[in-house]
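This report refers to the structure that appears directly beneath it.
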Amino acid sequence: MTDAEQARAELLRLRASIDNIDAALIFMLAERFRCTQQVGRLKADHDMPASDPGREEQQTARLRALAEDAHLDPEFAEKWFNFVVAEVIRHHTEAAEGR
């Protein structure tokens with residue numbers, strides 16, 4: 001096998017791993033949103049606010065520390081979390097309005 005063929009085979013192997021990881025991430029996100037939707041319904045049923053800044057602050061600190069431990073940029077982890085939280089709050093607001 002030539003160097004180019006070996007490189008191409010390695011590229012395909014790595015891309016297959018990336019595809020599997022992406023699929024796992026999508027399924028994990030779906031499960032996370034199923035849980036947060038239950039939280040949203042609970043909050044709506046009990047007139048709780050859609051957002052919980054204290055919890056969000058704790059989670060941000062926790063995820064930044066986890067990111068550091070995993071050698072992932074903590075800024076990226078925080079941006080990802082903020083993106084997810086914004087979507088969760090949108091769901092919670094919709095649940096409260098649709099109550």
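The values are calculated or read from the model by the stated rules, or taken from the named source; none is laboratory data. This is a predicted model, so every value here is computed, not measured. Methodologically, a virtual Cβ is constructed for each residue, glycine included, from the backbone with ideal geometry; neighbour enumeration extends over all protein chains shown. In case anyone asks, the SASA skips ligands and DNA or RNA and just uses the protein heavy atoms, side chains included. Shrake-Rupley method; radii C 1.70, N 1.55, O 1.52, S 1.80 Å.
Yes/no matrix, rows are residues, columns are (1) of a type in the set (Ser, Thr, Tyr); (2) assigned to a helix (DSSP H, G or I); (3) closer than 11 Å to ALA95 by Cα; (4) under 12 Å from the mean Cα position of the chain (by Cα):
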| residue | (1), (2), (3), (4) |
| --- | --- |
| ALA30 | no, yes, no, yes |
| GLN37 | no, yes, yes, no |
| GLY40 | no, yes, yes, no |
| ALA50 | no, no, yes, no |
| GLU56 | no, yes, no, no |
| LEU63 | no, yes, no, yes |
| LEU66 | no, yes, no, no |
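Yes or no: ASP69 open to solvent by 100 Å² or more (accessible area, probe 1.4 Å) and farther than 30 Å from GLY98 by Cβ?
Taking the combined requirement at face value, the residue satisfies it.
If the requirement is being loosely packed, with under 10 Cβ neighbours inside 10 Å and among the aliphatic types (A, V, I, L, M), which of these qualifies: ALA4, ALA9, ALA23, ALA44?
ALA4 is the lone residue from the list that is loosely packed, with under 10 Cβ neighbours inside 10 Å and among the aliphatic types (A, V, I, L, M).
Consider GLN59 carefully, then state whether it is surrounded by fewer than 16 Cβ atoms within 10 Å (Cβ to Cβ) and touching a His at 6+ places or on another chain (Cβ under 9 Å).
No, not satisfied.
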